[in-house]
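In what follows, a single structure is set out as structure tokens and then discussed.
The values are calculated or read from the model by the stated rules, or taken from the named source; none is laboratory data. Computed from a predicted model, the values in this text were never measured in an experiment. A quick note on method: Cβ atoms are made from the backbone with ideal geometry, for glycine too, and the neighbour counts reach across all protein chains shown. Heavy atoms of the whole protein, side chains included, go into the accessibility calculation; ligands, DNA and RNA do not. Shrake-Rupley method; radii C 1.70, N 1.55, O 1.52, S 1.80 Å.
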Amino acid sequence: MIEPPLTMPPKRVTRLPVRPSAVRFPVLVVVFVCAACGLVYELELVALASYLIGDSVTHASVVLSVMVFAMGVGSLLAKRLRCRAAVGFGLVEGGLALIGGCSALVLYAAFAWLGEARYVLVGFSLAIGVLIGAEIPLLMSLIQRAESARSPGVREKESTADPAGTVADLFAADYVGALVGGLAFPFLLLPWLGQLTGALVTGAVNAVAGGGLVLWLFRRDLTGRSRALLIGTNLAVLAVLATATVLVDDFERAARRAVYGDQVRVAVQTDLQEVVVTGEKGSPPDLFVDGRLRAGGEDASRYHESLVHPAMNGPHARVLVIGGGDGLAAREVLRYPGVRSVTVVELDPGVVRLARHQPELADLNGHALRDPRVRVAFADAFRWLRESATTGPAGAGEGPRERYDVVISDLPDPGISAGAKLYSEEFYGLAARVLTDGGRLVVHAGSASARPRTFWTVDSTLRAAGFATRPYSAHGRGAHLAAGPDRAGRSDGTDTAAGDWGYLLAAPGTYPPELSLAPDAPPLRSLTAGVLVSGARAAERTRDGRGAPPPPSTLVHPRYGG
């Protein structure tokens with residue numbers, strides 16, 4: 001019988017270029033950096049999904065839930081790499097840098113050339129989540145092995161390794177890194193580098209941090225083949241990211257042509273959104289904001305005539321335009337000689353600058369924003385209206401600062417989640433407070449025929465806020481403009497499902513306002529009393545008469561979908 005040895009043969013110990021006690025700090029620094037990069041990838045996907053696809057709430061939920069699920073999968077898969085944790089972590093970081101860094105580029109390319117980015121979004125969320133989930137288990141294995149390193153003759157039980165402390169330190173560094181990444185994305189990367197370049201630079205930082213840690217601190221734990229593999233992988237990833245960064249401007253121009261056509265006149269990235277003016281010289285331009293058509297060139301008059309002129313039937317000395325930074329609604333308002341003042345509330349100063357100074361766009365709006373009767377307020381419409389509705393002159397107590405005869409709501413489509421609060425019962429309640437007695441509110445409410453539930457939800461919301469409503473619609477003149485200023489269709493105009501614009505003319509009280517043109521209405525290109533009558537009938541035909549109207553939308557219960 002062979003007696004077992006009194007002592008087990010020593011395990012292979014990680015050989016480090018620094019003292020085992022000094023390992024924890026550089027590892028935690030890399031955890032911090034990688035966590036910041038991971039959150040930037042996540043926010044990049046959410047931002048691009050909101051910009052390209054719309055319905056930010058739904059797609060943010062998809063990105064976050066898929067990514068968290070994938071992180072759990074990645075943690076489980078990392079168990080297979082624990083025996084080769086160093087090379088495994090290096091390859092994971094290289095893959096994460098490549099996939100995360102190029103995610104914005106590929107997502108934008110899918111939207112521009114394929115017209116569909118949802119499946120690409122889910123795929124990137126899944127891949128990035130799996131790789132992020134594998135980081136912590138591999139790093140924990142590395143740091144524990146490093147701290148368990150001992151000189152010959154030291155017993156295993158005398159090791160100073162502290163698994164609980166290691167976990168606490170790793171997660172603390174991870175959470176703090178996520179905080180820094182979350183703040184860096186909107187305040188540094190997005191305004192300074194933009195979405196595409198910001199993601200590529202983040203990927204490069206990720207590759208350098210992850211690969212550098214393994215090739216420096218754990219290089220003696222690598223075989224010659226593993227070391228060559230990691231060096232080659234990181235160099236290839238950095239080369240791809242650097243090449244993409246150099247070519248990103250050319251890519252953006254090509255993608256922009258694929259989305260907007262060849263006649264791009266001006267493309268400006270403001271602090272809030274991308275603004276693009278397109279069209280052939282000598283023809284009215286098209287204005288796109290964040291990839292959605294806001295003013296449709298030749299059809300802009302038809303849309304804004306239908307929006308503005310029915311509301312002007314009555315007193316109209318003081319007019320408030322909410323949105324409308326393109327100046328087109330103000331142009332129609334100023335055609336009435338009795339108008340004394342127009343206040344335009346626009347969130348983005350970049351849109352107003354373009355509407356004032358871009359020659360074709362300024363000609364289209366008739367230089368309305370330079371008219372001395374027009375005052376532009378740069379503010380969030382909800383906050384501005386709330387302050388106006390509750391702040392009176394000094395010493396006058398509570399009350400509206402100024403009252404308006406007409407309020408024109410020329411806002412993004414209610415189906416876009418980011419603008420849902422501007423179609424809420426609370427918002428309309430504030431609007432009612434700034435209206436004069438007998439004042440009128442008109443709301444663009446999306447397509448009545450293509451999205452009837454959304455349209456009638458706006459109607460229910462206005463009624464819940466104390467308005468009586470008169471629904472009507474107007475039709476565009478072609479498939480190219482079918483998406484129209486309601487911003488609900490694709491930016492290339494190929495969504496032909498929405499061939500109309502839906503409006504709601506409203507007044508506080510029990511009786512809806514009369515749907516007709518004012519006696520002093522100027523000559524109009526497309527709008528007549530007969531057109532309004534047929535538009536009212538067309539809108540009514542979209543009402544679901546078989547059941548109760550949809551519930552109103554509030555801040556805590558938004559009812560609009562993408």
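Summary table below
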read-out	value
About the Cα centre, charge dipole magnitude for the stretch 289-356 (Lys/Arg +1, Asp/Glu -1 at Cβ), debye	260 debye
Between the stretch 533-554 and the stretch 220-260, the Cα center-to-center distance that results, in Å	53 Å
Using alpha-carbon coordinates, inclination of helix 163-184 to the longest axis of the chain, degrees	30 degrees
Calculated [θ] (222 nm, deg cm²/dmol) that DSSP helices of n ≥ 4 give over the chain, each run adding -39,500 (n - 2.57)	-16000 deg cm²/dmol
Rounded to 10°, Cα long-axis angle of helix 224-260 versus longest principal axis of the chain	10 degrees
Size of charge dipole - the stretch 226-347 - debye, nearest 20, with Cβ of Lys, Arg +1 and Asp, Glu -1, no other charges	180 debye
Folded to 0 to 90 degrees: helix 452-464 orientation relative to the chain principal axis, Cα	70 degrees
Global form of the stretch 232-276, assessed from the alpha-carbon gyration tensor, a/c cut-off 1.5	prolate
In sequence order, calculated HN-Hα J values of the stretch 523-536 (Karplus, 6.51, -1.76, 1.60; Hz; x Gly/Pro)	x, 10, 6, 10, 9, 9, 4, x, 5, 5, 5, 5, x, 5
Residues E540 and R353, FRET efficiency given R0 of 56 Å [Cβ-Cβ distance, rounded to 0.05]	0.85
Per residue accessible area in Å² of the chain, where ligands, DNA and RNA are left out and the probe is 1.4 Å	45 Å²
Distant-in-sequence amide H partners of V374 (H built 1.01 Å from N, under 5 Å)	V342
Sequence-distant residues sharing a close amide H with T436 (under 5 Å, placed H)	Y404, D405
Among 448-454, 523-529, the order from most to least packed when residues are scored by Cβ within 10 Å on average	448-454, 523-529
Three-way shape call for the stretch 305-398 based on the alpha-carbon gyration tensor, with the a/c threshold at 1.5	oblate
Accessible area in the full protein assembly, largest first, 1.4 Å probe, for K79, K421	K79, K421
Relative contact order of the chain, defined on C-alpha pairs under 8 angstrom at six or more residues apart (%)	13 percent
Largest to smallest accessible area among M71, M312 [probe 1.4 Å]	M71, M312
Extended-chain gain in nm, criterion 0.36 nm per residue less alpha-carbon gap, R225 and A518	97.2 nm
Compactness relative to 2.2 N^0.38 Å, alpha carbon Rg of the chain	1.22
Percent carbon-and-sulfur accessible area, the chain, ignoring ligands, DNA and RNA, probe 1.4 Å	60 percent
Karplus (6.51, -1.76, 1.60) ³J(HN,Hα), θ = phi - 60°, over the stretch 465-474, in Hz, Gly and Pro reported as x	7, x, 9, 9, 10, 10, x, 7, 9, 9
